[in-house]
Amino acid sequence: MKIIYTLFLAIVVSTFPSILVAQSSKKISESEFKAKFVGNSITDKKCTFKLKKNGNMSGKCMFTESAATVNGKYNFGKQGFCRALTITYSAGRIREIPYKCEQLYWKGNKVKIGRSDYEILYKKPVTVNPLKKSFNKLSKSERKSIQTVLLNQGFYKSSVDGSYGKGTEKALRNYNSDVLGGADLKKPANIAILLSALRNSNNSKNNEVVKKEDKKIQADTVQNVTKSIGSEWEALAEEGSAKAQYKLALMYEKGEGFLQDFVYAHMWANLSVANGYAEARSLRDKLADKMTPSQMEKAQDLARDCMKKNFKGC
């Protein structure tokens, strides 16, 4: 009796292999089929097929006697996985496999189609380099600007072309390590800080140049304005204005609008005092403390001559 039962079991297994598969595996649904199979390849070691999204399938087989290419059509529905194949052997012989539908059973990355067991070859996920992605989102001029900063600071040694290569990545990572303390560049926030720091570094340099130019322009403007004011005070001083004479004395003392000259400063301060401007007295006395006897003598001579000329051309 035991022998008869064993023989019967062997016949069932060889005739209906999918029954045992169904017991340990899961019948696949249409949505699962699209998610797990479409766009991926399946292989039974001898043949490897790729199921394309447009309903076509193609592959290659390596049999003992020859190799072959395979092309066909497939679809999936209530009847299961249905396909028709054309096998072209390397020797030129062609074999047509008619349209046939079979149920799919799967477990993990294994699938049974009819009597053949296949393995699903899932696509390897594309590894995204977040640093490269963020860098390439910048405009070309911004990328080149960052490379220039890295070049000037000794981190980058390649051409400034705005392209993300090994040299650029190494420079960015070294800058991050040395300047920013080695922040985790897998985190978008840290990448944003890194790129922002490099952009601001370049802007700071540009700003320094602009600031220097602005200071020069401002200095030139002030100098021109001061000269203009000096000319106005000079004109008024020649007309006998004691206040204008005092202002001229201050300008000569400080070197504003004129070359610094204590002799002329004392001359105008002395004339202002002589014309009754009291504030000029302390300035004249302060200047006297800074001057040599010969300078004092010259200043007094100039003041006398100026008064004789009625302040004209002094």
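The values are calculated or read from the model by the stated rules, or taken from the named source; none is laboratory data. Computed from a prediction, not measured in an experiment: that's the story for all the values here. As a convention, Cβ positions derive from the backbone with ideal geometry for all residues, glycine included, and neighbour counts pool all protein chains shown.
With among the small types (Gly, Ala, Ser), touching a strand residue (DSSP E or B) at 6+ places or on another chain (Cβ under 8 Å) and surrounded by 15 or more Cβ atoms within 10 Å (Cβ to Cβ) as the only criterion, which of 55, 80 stands out? Let's see the steps before the verdict.
Details: 55 fails: surrounded by 15 or more Cβ atoms within 10 Å (Cβ to Cβ).
80 is the lone residue from the list that is among the small types (Gly, Ala, Ser), touching a strand residue (DSSP E or B) at 6+ places or on another chain (Cβ under 8 Å) and surrounded by 15 or more Cβ atoms within 10 Å (Cβ to Cβ).
Looking at the range 152-165, can you tell me whether even one residue there is surrounded by 13 or more Cβ atoms within 10 Å (Cβ to Cβ), modelled with pLDDT of 90 or more and assigned to a helix (DSSP H, G or I)? Checking the range 152-165: not a single residue is surrounded by 13 or more Cβ atoms within 10 Å (Cβ to Cβ), modelled with pLDDT of 90 or more and assigned to a helix (DSSP H, G or I). Contact annotation: residue pairs with Cβ atoms under 6 Å, 6 or more positions apart or on different chains, pairing a residue in the range 132-145 that is in the same structural domain as residue 194 (by TED's automatic domain parsing) and among the polar types (S, T, N, Q) with a partner that is buried (at least 16 other Cβ atoms within 10 Å of the Cβ) and at pLDDT 90 or above, are 134/191; 136/164. Within the range 97-150, the set of residues being touching a strand residue (DSSP E or B) at 6+ places or on another chain (Cβ under 7 Å) and among the aliphatic types (A, V, I, L, M) comprises 97, 104, 111, 113, 120, 121. Any residue at all in the range 98-120 that's in contact (Cβ under 8 Å) with a residue 24 or more places away in the chain, under 34 Å from the mean Cα position of the chain (by Cα) and over 18 Å from residue 176 (Cα atoms)? No, the range 98-120 has no match at all.
So that you can scan it fast, the table gives a plain yes or no per residue for (1) in a loop (DSSP other than H, G, I, E, B); (2) closer than 17 Å to residue 141 by Cα:
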site: 167; (1), (2): no, no
site: 181; (1), (2): yes, no
site: 191; (1), (2): no, no
site: 199; (1), (2): no, yes
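Number of residues in the range 179-192 that are touching a residue at least 12 places away in the same chain (Cβ under 8 Å) and more than 12 Å from residue 130 (Cβ to Cβ): the value is 2.
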